[in-house]
Amino acid sequence: MSSETGNNGASPARRSQRRFIAFVPLISFAVLAVIFYSQLTSGRDVSEVPSVLIGTAAPALDLPPLEGLKSDGAQIPALTDAQVEGKVTLVNIWASWCLPCRQEHPLLMALAEDGRINLVGINYKDQTSNALRFLGELGNPYTAVGIDPRGVAAIDWGVYGIPETFLLDSNGTIVFKQIGPFTPDAVRDRLMPAIEKALSVPAKQS
């Protein structure tokens with residue numbers, strides 16, 4: 001037997017290679033742990049994850065209405081391009097089963113009082129009766145609501161998970177994205193400055 005092999009017939013180089021392979025999963029886990037820890041301790045708001053849609057035209061809107069959602073006896077309109085055209089608009093993606101949606105809803109109700117902005121909703125993978133009960137209990141901040149029962153529209157908007165909210169300027173360009181529920185601080189420090197900036201953008205002449 002060659003002096004370069006051990007009792008099991010493997011060379012020292014081969015045994016070292018096997019040991020390295022065995023440690024690869026542990027090394028990978030350690031690297032990921034360091035990355036996650038650095039993100040957690042960086043103080044960065046997770047809602048600030050960048051979106052590739054920022055600065056691009058909003059996806060087309062042609063969603064059916066939430067049947068039975070009424071204001072003064074009239075059906076609230078479906079969510080189409082016509083409902084956002086020429087307006088600084090917040091597009092909020094929500095569902096009745098979403099606890100964070102419930103938590104942020106009072107802030108949406110307050111935003112709906114700001115006559116400078118248009119607030120519309122996409123009801124995501126929800127039951128009509130549950131969505132109506134949700135808005136009946138908490139109030140309806142939306143000028144238009146479209147339903148997205150299979151999540152197709154949400155894919156077009158690049159949604160990670162609800163709630164998510166997009167701010168469009170009057171030209172239909174996405175200028176801001178909120179991932180997760182709004183908080184009072186997020187509204188004051190991030191959303192309102194973005195709204196003020198969007199309001200200053202001149203509408204393109206058709």
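Each reported figure results from applying straightforward, stated rules to the coordinates on display, with no laboratory input. All figures in this text were calculated on a predicted structure; none of them were measured in a lab. Methodologically, a virtual Cβ is constructed for each residue, glycine included, from the backbone with ideal geometry; neighbour enumeration extends over all protein chains shown.
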Legend entry - Descending principal axes extents, the range 128-196, alpha-carbon based, whole Å: 36, 27, 23
Legend entry - ³J(HN,Hα), Karplus 6.51/-1.76/1.60, whole Hz, each residue of the range 156-165, x for Gly, Pro: 4, 8, x, 6, 8, x, 9, x, 9, 9
Inset, instruction - Can you list which of the trypsin sites (Lys or Arg not before Pro) found in the range 102-157 are DSSP loop residues with at most 11 other C-beta atoms within 10 Å? - result: ARG116, ARG150
Inset, instruction - Straight distance only, please: which aspartates and glutamates reach the Cα of LYS125 with their own Cα at less than 18 Å, same-chain residues fewer than 8 apart left out? - result: ASP62, GLU67, ASP148, ASP156, GLU164
Legend entry - Stretch gain in nm, segment ASP62-ALA110, where the contour uses 0.36 nm per residue and the Cα spacing is subtracted: 14.6 nm
Legend entry - Note, ³J(HN,Hα) from phi for the range 76-83, Karplus 6.51, -1.76, 1.60, rounded to Hz, x at Gly and Pro: 5, x, 5, 9, 10, 4, 5, 6
Legend entry - √(5λ) per eigenvalue of the Cα gyration tensor, the range 46-199, largest first, Å: 21, 17, 16
Legend entry - lysines with Cα under 22 Å of LYS197, excluding same-chain neighbours fewer than 8 positions away: LYS87, LYS177
Legend entry - Phi to ³J(HN,Hα) by Karplus 6.51 cos²θ - 1.76 cosθ + 1.60 over the range 100-109, Hz, x for Gly, Pro: x, 5, 5, 5, 8, 4, x, 5, 5, 4
Legend entry - Amide H contacts of GLY172 (H built 1.01 Å from N, under 5 Å, at least 5 apart or other chain): GLY86
Inset, instruction - Determine the dipole magnitude for the range 46-199: charges of +1 sit on the beta-carbon of Lys and Arg, -1 on that of Asp and Glu, nothing else is charged, the reference point is the Cα centre, and the result goes in debye to the nearest 20. - result: 140 debye
Inset, instruction - Evaluate the distance, in nm, between pseudo-label points positioned 7 Å from the Cα of GLU85 and of ILE54 along their respective Cα→Cβ axes. - result: 2.9 nm
